[in-house]
1. Any idea what angle helix 150-166 forms with the longest principal axis of the chain, computed on alpha-carbon atoms, 0 to 90 degrees, nearest 10?
2. At 0.36 nm per residue, and after removing the present C-alpha to C-alpha distance, how many nm does the segment from A14 to Q103 gain when stretched out fully?
3. For Rg/Rh (Cα atoms, Kirkwood Rh), several values are listed as (i) 1.40; (ii) 0.96; (iii) 1.18; flag the one computed from this structure.
4. K161: which lysines have alpha carbons under 30 Å from its alpha carbon, excluding same-chain residues fewer than 8 sequence positions away?
5. Please give the charge dipole size of the chain, origin at the Cα centre, charges +1 on K and R Cβ atoms and -1 on D and E Cβ atoms. Round to the nearest 20 debye.
6. Test of understanding: given the chain, find the longest segment containing no trypsin sites (Lys or Arg not before Pro) that are in a DSSP loop and have at most 16 other Cβ atoms within 10 Å.
7. What is the gain in length, in nm to one decimal, between E125 and Q32 on full extension, counting 0.36 nm per residue of separation less the C-alpha to C-alpha distance?
8. Extension gain N89-K67, at 0.36 nm per residue separation less the Cα-Cα distance, in nm?
Amino acid sequence: MILPVLTYPYPILAQCADPVEQITPELRALAQDILETMYSKEGLGLAAPQVGVSKRLIVVDVSGPDKREDARILINPVIVSACGLIESNEGCLSVLNYRTKVQRSKQIRVQALGLDGAALEFDAEGMLAICLQHEIDHLNGLLFIDHVSRLKRSLYEQKLKKWIKSKPEKQA
């Protein structure tokens, strides 16, 4: 089922998500719904708080948006090490009509649980590392615009206010 994606400044997007305590059939169904939602929006990643659920659950698939061959569903993901820096041009399904450059770690090591409850640990670099950092930020109540200067953020917020006034029917 495709879920509505919440947009900035919706309050849950600025809150730390709760850890997943137990992998249930409902959690598995939620993960599939989040994955389906991400694909429907042609995204590369999506976190549970973006669909209004305060759980530490993310989905990513950087093989898209044309192909969909590397779906990853991660529960309680944590970045345990990071090195190097890379600048990426980012956007977000929860931050309307805005893209900007963000500095991220070039390489990361992630620990998480899979949907089967098995512990996972893997290294990521390039687009996968960027996407994982972006989605894990969502679990910590951060948006990519939290990584930009106050001036850029202020300009975006002014643009958003004008956009909302011109299209009130688009608000969540």
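1. Here the helix axis deviates by roughly 70 degrees.
2. Details: separation 89, 0.36 × 89 = 32.04 nm, distance 1.99 nm.
Full extension from A14 to Q103 adds 30.1 nm.
3. (ii)
4. Result set, ordered by chain and number: K41, K55, K101, K152, K170.
5. On the way: 21 positive and 21 negative charges, 214 e Å.
That gives the chain a dipole magnitude of about 1020 debye.
6. Values: sites that count: K41, K67, R68.
With trypsin sites (Lys or Arg not before Pro) excluded where exposed in loops, the chain gives 69-172 as its longest stretch.
7. Working: separation 93, 0.36 × 93 = 33.48 nm, distance 2.49 nm.
Between E125 and Q32, full extension yields 31.0 nm more.
8. Numbers: separation 22, 0.36 × 22 = 7.92 nm, distance 2.07 nm.
Contour length minus Cα-Cα distance gives 5.9 nm.
Every number in this text was worked out from the coordinates using simple rules, so none of it is lab data. If you're wondering where the values come from, they're calculated on a predicted model, not measured in any experiment. Virtual Cβ from ideal backbone geometry, glycine too; neighbours counted across all protein chains shown.
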